[in-house]
There are 2 protein chains.
Amino acid sequence: MEYPSKLIEEAVNQIAKLPGIGKKTALRLVLHLIKAKDENTYALTDALNKLRANIKFCKVCHTICDAEMCSICSSHRRDRSIVCIVEDVKDVMAIENTAQFNGVYHVLGGVISPVNGVGPADLKIESLVNRLTNGQAEIKEVILALSPTMEGDTTAFYINKRIREIAVKVSVIARGVPVGGDLEYADEITLGRSITGRTLFN
Amino acid sequence: MEYPSKLIEEAVNQIAKLPGIGKKTALRLVLHLIKAKDENTYALTDALNKLRANIKFCKVCHTICDAEMCSICSSHRRDRSIVCIVEDVKDVMAIENTAQFNGVYHVLGGVISPVNGVGPADLKIESLVNRLTNGQAEIKEVILALSPTMEGDTTAFYINKRIREIAVKVSVIARGVPVGGDLEYADEITLGRSITGRTLFN
């Protein structure tokens, strides 16, 4: 497509690099910004620049935070004996939203994926091993809360092999039919796992 | 939703102000930017800042451009006797893509819409009247290429009333069944107009 202005072309190309945004959507966003007030654009670019310049990662659990240590790791009310291993900050937010977990986290920053060139060394696994070795007396359980995909399972398998000797107890989040889902529409693998992983009715 | 960082919250809020982007998508984009290289974010914000600071509008047709006058208005190869009236820069780009029009444009910057508080004074209609009055000898035809919506029709009606005395000829783009569309699925109004507006088979 030909653009009436080099400035628009450059802005469209930059926005279209974001995931899930094509050139048509990018053009719509650019034209929206041009129509809107100046301040809107500057507030947006300012927020992104500040984000990029000042964002920090918690030195204990590697989640995104504003300080040296995140609010969860530095809280007195969290149970430090349970460490939940997740792929991403999004997973921390999702688990926090459930209000069912009071332990601490360890964010890997991805999962092992040979297709995408991500190996164990690219993740915070060594840091997890150190954390468990040093805090052996305190940490009683490690929960593997990774996505139930091929990559997630591979990563869980690898981590379990690495930490089995150190950690007291390694658990994995339950797999089964989702709440509110119809049995009829559950795939065979999920349904099969929900049967083999059945629990006592209480 | 609670964010682990104020910086993320601010960035998400700013991105979610863009049309068609909700908080979940905004968070995904922000986490993508954090994961990607620093330069990506700075290239994006730089392009947007430059766009906002340097974007100009053509003094003749009010389309977006980099100079005082756009490439179409300043071209020697364009036919200045036909002026095509459109709502937006997007429409100029769409018509240019067809390669069926060799005249010049006049961008209104919107359509009359009482619901959104847009009146004739908010559009470049006065500028169009001046352009036609001053260039009366040169301009032979005005094409109304507005969207076939209630607002577009209202705007076309208003403009026609204003320029009927000045312009030699006022025409409107054809309405009918879209090429490649199935007659069966065309709505009655479109199909009705395609019959009343039929042309000789050649």
(Q) Considering the Cα positions of chain A, please state its Rg to one decimal place and its Dmax as a whole number of Å. (A) 21.8, 67
Q.
With equal scatterers on the alpha carbons only and no solvent term, can you work out the Debye log10 of I(q)/I(0) for the protein assembly as shown at 0.09, 0.14 1/Å?
A. -0.76, -1.21
Q | Where rotation carries A onto B, the chain A residue whose Cβ is nearest that axis, in whole Å | A | A:T45, 2
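Around A:V111, with a cut-off of 14 angstrom between Cβ atoms, what is the net charge of the other residues, counting Lys and Arg +1 and Asp and Glu -1? Please report the intermediate quantities before stating the final value.
Values: positive: A:K90, A:K124, B:K35; negative: A:E87, A:D88, A:D91, A:D122, A:E151, A:D153.
Every neighbour counted, the sum reads -3.
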Q. Among B:A145, B:A121, B:A67, which one moves the most in a GNM of chain B with springs linking Cα atoms closer than 10 Å?
A. B:A121
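Assuming R0 = 56 Å, can you tell me the calculated FRET efficiency for the pair A:V172 and A:H32, based on Cβ-Cβ distance, to the nearest 0.05?
Working: r = 45 Å, r/R0 = 0.80.
Once rounded, the FRET efficiency stands at 0.80.
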Q: Using the 7 Å Cα-to-Cβ label point, sort the distances from B:L200 to its equivalents in the other copies shortest first and give them in nm to one decimal.
A: 9.2
Q: Give me the number: length gained by fully extending A:Y185 to A:S147, i.e. 0.36 nm times residue separation minus the C-alpha to C-alpha distance, one decimal in nm.
A: 11.7 nm
Q) Of A:K56/B:K50; A:K124/B:K24; B:K59/B:K124; A:K56/A:K169; A:K23/B:K17; A:K6/A:K35, which sit over 22 Å apart, Cα to Cα? A) A:K56/B:K50; A:K124/B:K24; A:K56/A:K169
Q: Once the label point is placed 7 Å from Cα along Cβ, list for B:S74 the distances to the corresponding points in the other copies, in nm, shortest first.
A: 5.5
Q. Considering amide H positions built from the backbone, and no H for Pro or chain starts, which residues 5 or more places from B:K56, or on another chain, come under 5 Å of its amide H?
A. B:C65
Q: Would you mind getting me the FRET efficiency between B:M1 and B:D66? Use the beta-carbon distance for r and R0 = 45 Å, nearest 0.05.
A: 0.65
Q.
Between region A:154-202 and region B:58-126, what is the separation of their alpha carbon centroids in Å?
A. 60 Å
Q.
Can you sort A:C61, A:C84 from fewest to most other Cβ atoms within 10 Å of each residue's own Cβ?
A. A:C84, A:C61
Q | Label 7 Å beyond Cα on the Cβ vector: B:T154 copy-to-copy distances, nm | A | 5.8
**Q.** Relative counts (whole %) of C-alpha pair distances in region B:77-172, using bins that are 10 Å wide
**A.** 16, 52, 29, 3, 0
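Quick one: compute the contact order of chain B, relative version, from alpha carbon pairs under 8 angstrom and 6+ residues apart, as a percent. Mind dumping the intermediate values first?
Numbers: 225 pairs, mean separation 25.5, N = 202.
Value for chain B: 13 percent.
No value in this document is a laboratory result; all are computed from the given coordinates. Every value quoted in this text rests on a predicted model; they were computed, and no experiment measured them. Cβ: placed from backbone, ideal geometry, glycine included. Neighbour counts: every protein chain shown.
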